[in-house]
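Visitor: Attaching a single structure in structure tokens format; questions to follow.
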Amino acid sequence: MRNCLRIYSIFLCLLFPFFWCNGQVQSYEELIGKSYDFMEKDSLDAAEVCLIAAMRLEPGNRYNYALLTNLGTIQRQLGKLDEALISYTAALSRQPNNALILSNRASLYQEMGDTENALTDYNTLLAKEPNRMEALYSRGILYIKEKNFLSAEADFQHMLEISDKSNKARLGYAILEKMRGNYKESEDIFEYLIREEPKNIRLYEERAELYFMEGKNGRAMSDLEKVFQQNPDPGAEIYVLRGRVKLALYEKTAAANDFQKALKKGYNKKVINELIKLTE
């Protein structure tokens, strides 16, 4: 029944402003208001169509950059990453110095695995606002991915200079030391962070990977159990990690099941096929 109502709502929005030209919803402002109503009801498809209809009604409206930003975020939540990128880029063409839009597009590039463009946007953003903590952290993580460890360290150090209480900066350092192979230093930081934030699931995910890299598979599994207790259906990467740990513990059937779940969630098919071969 809910799906039928959702489809009907989308159908009505597709006809805006033509169908309700004499009804309750017809103006630019009303279409925007309707989009918020749909978002509150978790009808993101309908909200998307309403925003598009509003911009078609007034394509020259100077506030369309905000609608394009909202549209990009909605499309991102719907998994329409390519469409979201188009929306954010269109918004930036109207507001090239808008820090929020730059941050949104940078994190979207990061989500899409486009490290080069993500770094470009974060560099642009941080040139304008050098103390933006979330951007410093995200850029630092990208630098780690590129094995540019010195630049990553500089970003995390800058974060601590801005706020010496920043646990996000310490998390960056923990990940950095893990990837440098300084496992003891990484473990010490994770132990401190978990004492500070015992319910932070990300910490257990990262430490589980550290334990796996150290060959401490029992400890890795213990952390992963905490992850799955808090989130019974996590992302593909966590299924892959748990599968690797199970494989190391000679639990081949269970490992294969985790790899299959990761594949269904969109993990790289070639990588999964190679891992599954190890379970045969």
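Visitor: Going down the table (199/246; 41/265; 199/226), which pairs top 18 Å between alpha carbons? Can you show the working numbers first?
Guide: Working: 199/246 24 Å; 41/265 26 Å; 199/226 9 Å.
199/246; 41/265, as the Cα separations exceed 18 Å there.
Visitor: For a quick size check, give me the Cα extents of the stretch 171-278 along its three principal axes, largest first, whole Å.
Guide: 37, 27, 22
Visitor: From Cα pairs below 8 angstrom and at least 6 apart in sequence, can you work out the relative contact order of the stretch 13-160, rounded to a whole percent? Kindly include the intermediate steps, with their values, before the conclusion.
Guide: Working: 161 pairs, mean separation 18.4, N = 148.
Relative contact order, the stretch 13-160: 12 percent.
Visitor: Considering all projection directions equally, how large on average is the shadow of the alpha-carbon convex hull of the chain, in square nanometres?
Guide: On the way: hull surface 71.1 nm².
With every direction weighted equally, the projected area is 17.8 nm².
Visitor: Another question, then. Report the extension gain between residue 271 and residue 151 in nm, rounded to one decimal, defined as 0.36 nm multiplied by the number of residues separating them, less their alpha carbon distance. Intermediate results must be reported in sequence, preceding the final value.
Guide: Values: separation 120, 0.36 × 120 = 43.20 nm, distance 2.91 nm.
Gain in length upon complete extension: 40.3 nm.
Visitor: Moving on. When only Cα pairs under 8 Å and 6 or more residues apart are kept, what is the percent relative contact order across the chain?
Guide: It comes to 7 percent, rounded to a whole number.
Visitor: Take 238, 194 and order them by how many other Cβ atoms sit within 10 Å, fewest up front.
Guide: Details: 238 23, 194 16.
In increasing order of surrounding Cβ atoms, one gets 194, 238.
Visitor: Shifting gears a bit: What ranking of 49, 271, 227 emerges when the number of other C-beta atoms within 10 Å of each C-beta is taken as an exposure proxy, fewest first? Could you put the intermediate results ahead of the total?
Guide: Numbers: 49 25, 271 13, 227 20.
In order of increasing Cβ crowding within 10 Å: 271, 227, 49.
Visitor: Helix 167-180 versus the longest principal axis of the chain: what is the Cα-based angle in degrees, 0 to 90, to the nearest 10?
Guide: 50
Visitor: A further question on this structure: What's the exposure ranking of 201, 272, going from fewest to most Cβ atoms within 10 Å? Present the calculation step by step, with values, prior to reporting the outcome.
Guide: On the way: 201 17, 272 21.
Fewest to most other Cβ atoms nearby, the residues stand as 201, 272.
Visitor: Separation between the residue 228 and residue 120 pseudo-spin-labels, each 7 Å from Cα along Cα→Cβ, expressed in nm?
Guide: Result for the modelled spin labels: 4.2 nm.
Visitor: Could I ask something else about it? Would you work out the relative contact order for the stretch 69-139, in percent, from Cα pairs under 8 angstrom that are 6 or more residues apart? It would help to have the intermediate numbers written out before the result.
Guide: Details: 64 pairs, mean separation 15.4, N = 71.
Relative contact order comes out at 22 percent.
Every number in this text was worked out from the coordinates using simple rules, so none of it is lab data. What you see is a predicted model; the values in this text were computed from it and never measured. Every residue, glycine as well, gets a Cβ built from its backbone with ideal geometry; the counts of neighbours run over all protein chains shown.
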